[in-house]
Amino acid sequence: MANGDAFEDAVRLARETATLDVGCHLALVQGPSLLNARPLPETPLQLVAALVRGQIDIYSELRAQIEKILSAGIRPTHLDTHKHTHIVPQVFRTVVRLAAEFGILYVRRPAYALANSYYRRVASAHNIRMTDHFLGFRLTGSLGEESFARAILSLREGTTEFMCHPGSLGPELKRARTRLKESRVRELEALTSPRIRQLMAAESIHLEAFGTSSSDPAGR
């Protein structure tokens, strides 16, 4: 997140890990605006209200965030949004437009199956790719080895982005305003579990980074 308190530390870690697939987690809620330093809406619902009132320049705000990441020497391979706000069509169209302008091939598939054809048409019109499926939204905060195993067994044919929030529970996270604390440790344990690796191998599931993916453009 370009407007996050730990931005510089994230840049350092990305530089130290050359194989890391880095995306741009675009923020229209929570944290300060990069345009005027004023607080962004606190919740997605407040964001929608602000958009209705014309109080946020989505394009300029998100462009500033991408440019900050690029100026730090990081080349994003994909775009997604904090709190999944690109499920809002107006936001999705802007994210796709910016992906095309910056030559970023992938945008996260919104977790809203009923409008999947709409999102794919918009992405395809700009030659932007999305995975075939998106998984993990409903598992946020409850992902563990057992639920991860069930998720793996539920995978459908094609490419799937699996969203997760692994981490360590240090002093800063304990003080942070988030419900995802102890759950991050459980997720890290699940993601590195030998049992999970064996299950993925048995199911012929292959891990692939956005930066090296050979998937076809969205809608094909």
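For segment 30-48, which residues satisfy the criterion of being free of Cβ contacts under 8 Å to residues at least 12 places away in the same chain and under 16 Å from His84 (Cα atoms)? Show your work before the answer.
The first filter runs over segment 30-48 and keeps only residues free of Cβ contacts under 8 Å to residues at least 12 places away in the same chain, leaving 36-39, 45.
Selection gives Leu45 alone.
With (1) over 19 Å from the mean Cα position of the chain (by Cα); (2) without any contact (Cβ under 8 Å) to a residue 12 or more places away in the chain as the list, and Leu20 as the residue in question, which single condition is left unmet?
With (1) over 19 Å from the mean Cα position of the chain (by Cα); (2) without any contact (Cβ under 8 Å) to a residue 12 or more places away in the chain applied to Leu20, the lone miss is (1).
Only one of Thr140, Thr131 is out of contact with any Leu (no Cβ under 8 Å at 6 or more places or on another chain) and surrounded by 14 or more Cβ atoms within 10 Å (Cβ to Cβ); which? Outline the logic, then answer.
Details: Thr140 fails: out of contact with any Leu (no Cβ under 8 Å at 6 or more places or on another chain).
None of the others qualify; the one that does is Thr131.
Is it fair to say Arg108 is closer than 30 Å to Asp9 by Cβ, among the basic types (Lys, Arg) and surrounded by 18 or more Cβ atoms within 10 Å (Cβ to Cβ)? Full working, then the answer.
On the way: closer than 30 Å to Asp9 by Cβ: yes; among the basic types (Lys, Arg): yes; surrounded by 18 or more Cβ atoms within 10 Å (Cβ to Cβ): yes.
So Arg108 fits the description; yes.
Would you check which residues across segment 141-186 are modelled with pLDDT of 90 or more and among the charged types (D, E, K, R) and list them?
Passing the criteria: Glu145, Glu146, Arg150, Arg156, Glu157, Glu161, Arg186.
Would you mind stating whether Ile56 is assigned to a loop (DSSP other than H, G, I, E, B), without any contact (Cβ under 8 Å) to a residue 40 or more places away in the chain and not assigned by TED's automatic domain parsing to the domain that holds Gly167? Please lay out each step first, then the result.
Values: assigned to a loop (DSSP other than H, G, I, E, B): yes; without any contact (Cβ under 8 Å) to a residue 40 or more places away in the chain: yes; not assigned by TED's automatic domain parsing to the domain that holds Gly167: yes.
Yes: the conditions hold for Ile56.
Is at least one residue of segment 116-123 modelled with pLDDT of 95 or more and among the polar types (S, T, N, Q)?
Checked against the condition, which is being modelled with pLDDT of 95 or more and among the polar types (S, T, N, Q), segment 116-123 yields no hits at all.
The values are calculated or read from the model by the stated rules, or taken from the named source; none is laboratory data. These numbers were taken from a predicted model, which means no experiment stands behind them. Note that we place each Cβ from the backbone using ideal geometry, even for glycine, and neighbour counts take in every protein chain shown.
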